[in-house]
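Asks: Please find one structure pasted underneath; my questions will follow.
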Amino acid sequence: MSDIVIGVLALQGDVREHLVALAAAGAVARPVRRPEELAEVDGLVLPGGESTTISKLAVLFGLMEPLRARVQGGMPVYGTCAGMILLADKILDPRSGQETVGGVDMIVRRNAFGRQNESFEAAVEVRGVEGGPVHGVFIRAPWVESAGAGAEVIAEHDGHIVAVRQGNALATSFHPELTGDHRVHGLFVDMARGYKAAGPL
Ligand code: GLN
């Protein structure tokens, strides 16, 4: 039994792991590939993967503008890793043709922690997540070079910002969907429930 429907943008990346984590956190989880599917969800996860590929596919599938419109309209959205990059208002080092959905007042640096073989795991304390640090899995992860006044920094690692919240948008450099610990997805599902309960303005 669940009253909340959360989509996972399913163009590329670790979609299945997010669907599992969202279901474990109490949501009805569905893949989203088309604008009509986007229109039906109460919230959306932008998964990890490759941000340039996801952005190009979003344009190709006619999803970029609808995504921007829904995020600007206040739809709860959670981006992990490549998904964090997609939520940034600005990328420090974009590849050519790389667009973002935007919505979070931050500048991100792609691959900031190094190459694929420098991927690592670390305990990360996340504000708003009870019960001790989460296990952060960083895979060619970005960090937030700077967060604007509207964005609340909720986690740091080694002096770098790795999680941010702004209104209904949440972004992490790391991948909670890969750990079996569903507390961050739980936080997001709670955000989406709160938004839905408040109803249309
Ligand atoms: N480095 C990737 C990018 O730039 C993100 C990696 C990830 O999502 N694990 O999109």
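Asks: Within segment 1-25, which residues are away from the ligand (no atom under 15 Å from the Cβ), surrounded by fewer than 21 Cβ atoms within 10 Å (Cβ to Cβ) and closer than 21 Å to residue 139 by Cα?
Replies: 20
Asks: While we're looking at this one, here's another question. Pairs under 6 Å by beta carbon, first residue at pLDDT 95 or above in segment 42-59, partner assigned to a loop (DSSP other than H, G, I, E, B) and away from the ligand (no atom under 12 Å from the Cβ), six or more apart or different chains?
Replies: Taking only residues 6 or more apart or on different chains, the pairs are 42/4; 43/76; 54/11; 55/99; 57/11.
Asks: Now for a different question. Residues of segment 28-71 being more than 21 Å from residue 17 (Cβ to Cβ), more than 15 Å from the ligand (Cβ to nearest atom) and in a helix (DSSP H, G or I), which ones?
Replies: 35, 36, 39, 59, 60, 64, 65, 66, 68, 69, 70, 71
Asks: Just a yes or no: is a residue in segment 182-200 more than 27 Å from residue 3 (Cα to Cα) and among the small types (Gly, Ala, Ser)? Write out each step before concluding.
Replies: Keep residues of segment 182-200 that are more than 27 Å from residue 3 (Cα to Cα), which gives none.
There is no residue in segment 182-200 that is more than 27 Å from residue 3 (Cα to Cα) and among the small types (Gly, Ala, Ser).
Asks: When segment 162-178 is examined, which residues are found to be free of Cβ contacts under 8 Å to residues at least 40 places away in the same chain and away from the ligand (no atom under 15 Å from the Cβ)? If you could, list the steps in order and put the result at the bottom.
Replies: If we filter segment 162-178 for residues that are free of Cβ contacts under 8 Å to residues at least 40 places away in the same chain, which is where we start, we get 162-163, 165.
165 - this is the single residue of segment 162-178 that is free of Cβ contacts under 8 Å to residues at least 40 places away in the same chain and away from the ligand (no atom under 15 Å from the Cβ).
Conditions tested, residue by residue: (1) under 10 Å from the mean Cα position of the chain (by Cα); (2) on the phi < 0 side of the Ramachandran plot; (3) outside any loop (DSSP other than H, G, I, E, B).
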| position | (1), (2), (3) |
| --- | --- |
| 75 | no, yes, no |
| 78 | yes, yes, yes |
| 84 | yes, yes, yes |
| 96 | no, yes, no |
| 100 | no, yes, no |
| 108 | no, yes, yes |
| 111 | no, no, no |
| 114 | no, no, no |
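Asks: Those residues that are charged (D, E, K, R), open to solvent by less than 70 Å² (accessible area, probe 1.4 Å) and either under 14 Å from residue 12 (Cα atoms) or in contact with a His (Cβ under 8 Å, 6 or more places away or on another chain) (or both), I need them from segment 26-75; list them, please.
Replies: Selection gives 50 alone.
Asks: How about segment 108-142: which of its residues are in contact with an Asp or Glu (Cβ under 9 Å, 6 or more places away or on another chain) and of a type in the set (A, V, I, L, M, F, W, C)?
Replies: Once the filter is applied, which keeps residues that are in contact with an Asp or Glu (Cβ under 9 Å, 6 or more places away or on another chain) and of a type in the set (A, V, I, L, M, F, W, C), segment 108-142 yields 108, 112, 113, 122, 124, 134, 137, 138.
Asks: I've got another one for you. Please specify each residue of segment 130-154 satisfying the condition of being open to solvent by 30 Å² or more (accessible area, probe 1.4 Å), away from the ligand (no atom under 14 Å from the Cβ) and of a type in the set (Val, Ile, Thr).
Replies: The answer is 153, and nothing else.
The values are calculated or read from the model by the stated rules, or taken from the named source; none is laboratory data. It should be emphasised that the depicted structure is a prediction, and the values quoted were computed from it without experimental measurement. Here the Cβ is made from the backbone with ideal geometry for all residues, glycine too, and neighbour counts use every protein chain on show. Each accessible area value is taken on the protein alone, full model and side chains, heavy atoms only, with ligands, DNA and RNA left out. Shrake-Rupley method; radii C 1.70, N 1.55, O 1.52, S 1.80 Å.
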